[in-house]
Amino acid sequence: MDEKIFNLIERLAPEALEIMNNRYQVLKQVFYNQPIGRRQLTRNIGCTERVVRSEVDILKSRGVLQTTSAGIYLTAYGEEMLRDFAGLVPWLFNTQLLGEKLKERFGLSDVIVVPGNTDQDLFAQEDLSRAGAEYLRKILYPGCIVAVTGGTTLAGVAKMIREGVDARDIFVVPARGGLGEEVETQAGNIAAKIARAIGAQYRLLHIPDSLEASTAEALKKDIHISEVVKTIRSADILIHGIGPAEEMAYRRGLSPAEVDFLQKNDARGEALRYYFDKDGKIIFEIPGIGIEIDDFTHIGTKVAVAGGSSKAAAIEAVLRSGQENVLITDEGAAQKIIYGKDD
């Protein structure tokens with residue numbers, strides 16, 4: 001649905017948008033909390049019990065919801081409808097304007113802005129991950145190689161990815177080694193989860209992410225590692241997270257001298273072991289094995305998935321590098337980047 005049609009509905013039948021909003025909120029709350037009782041659903045949405053009861057009854061009559069003694073569930077048809085509705089969300093919540101501004105400012109080919117602020121709203125984080133998962137499914141094509149990084153947001157993408165594509169000749173690989181954090185958020189585990197969900201093949205890189213330069217160079221000569229690295233560096237699609245520079249420095253165990261260097265040089269954001277200043281210039285790099293900045297030129301689609309107003313400066317720094325072409329973020333980060341405020 002384009003902007004003209006949505007504007008027409010807003011002028012002629014604004015109540016239709018309110019109804020759509022109410023039903024979307026019901027679907028989303030049931031999806032994330034099922035089975036959920038009607039009273040809890042009412043509290044979560046903030047509507048009256050009468051409105052929620054009416055909406056639940058209508059959605060039940062249309063095969064979208066089902067109720068049992070345990071609570072309310074989405075049917076398979078309801079889950080499909082919620083996924084399809086995702087394309088209308090930017091227009092319904094007016095986040096498409098933020099997306100257009102981000103596209104124009106950073107020369108991006110595509111931007112998705114989900115409602116809310118992931119710093120404050122757990123469901124916004126879920127929506128961000130789901131948007132990333134759906135976008136990834138949309139851009140897959142036969143024979144492509146997909147590289148993914150680690151982190152909480154990408155772990156959410158792996159959790160939300162669903163089957164339904166012919167992915168037998170698709171490869172999913174970690175963009176780099178493991179960061180040494182929880183297994184669930186390591187790039188290798190995320191790559192394997194995505195591959196298993198869509199029926200793709202995968203290769204893993206069983207090495208740490210941060211290495212001494214000499215160690216990294218020595219490992220690259222190992223025939224088994226070099227074959228995997230060759231596949232990784234041939235990626236057609238890259239999907240990755242972005243983190244605040246200082247936070248990532250501590251997570252990666254950088255030395256006090258290195259942290260001090262980042263602070264003195266006003267490092268703002270980190271992605272794929274590279275630290276960027278406010279102008280998008282790479283000012284520091286952690287030695288490691290995997291995708292290198294030189295590989296970005298031949299990767300057709302580079303998708304950054306990151307949200308939260310606290311990450312706005314980091315996201316902006318990475319976008320200013322000019323390396324990205326797709327951003328999936330939330331309203332909190334977008335507002336902060338565009339207008340310098342959270343809301």
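The values are calculated or read from the model by the stated rules, or taken from the named source; none is laboratory data. In this text the structure is predicted, and so the values were computed from the model without any measurement. Cβ placement follows ideal geometry from the backbone for every residue including glycine, while neighbour counts extend to all protein chains displayed.
Restricting I45, I72 to residues that are under 23 Å from K159 (Cβ atoms) and surrounded by 13 or more Cβ atoms within 10 Å (Cβ to Cβ) narrows the list to I72. Residues that are of a type in the set (F, W, Y) and not assigned by TED's automatic domain parsing to the domain that holds G300 do not occur anywhere in region 121-132.
Just one of (1) in a loop (DSSP other than H, G, I, E, B); (2) of a type in the set (S, T, Y); (3) modelled with pLDDT under 90; (4) surrounded by fewer than 16 Cβ atoms within 10 Å (Cβ to Cβ) fails for S210. It is (4). Among the residues of region 112-150, those that are farther than 22 Å from I198 by Cα and either of a type in the set (G, A, S) or part of a loop (DSSP other than H, G, I, E, B) (or both) comprise P115, G116, N117, T118, D119, Q120, D121, A124. For region 95-102, the criterion of being in the same structural domain as V318 (by TED's automatic domain parsing), at pLDDT 90 or above, surrounded by fewer than 21 Cβ atoms within 10 Å (Cβ to Cβ) and not basic (K, R) is met by none of the residues.
In region 311-320 there is at least one residue that is part of a loop (DSSP other than H, G, I, E, B) and surrounded by 18 or more Cβ atoms within 10 Å (Cβ to Cβ). Inspect all residues belonging to region 174-191 and state whether any of them is closer than 19 Å to R83 by Cβ and either over 16 Å from the mean Cα position of the chain (by Cα) or among the polar types (S, T, N, Q) (or both). No. Within the span defined as region 232-246, one or more residues are more than 20 Å from K103 (Cβ to Cβ), in a strand (DSSP E or B) and in the same structural domain as V113 (by TED's automatic domain parsing). Among the residues of region 271-284, at least one is free of Cβ contacts under 8 Å to residues at least 24 places away in the same chain and touching an Asp or Glu at 6+ places or on another chain (Cβ under 9 Å).
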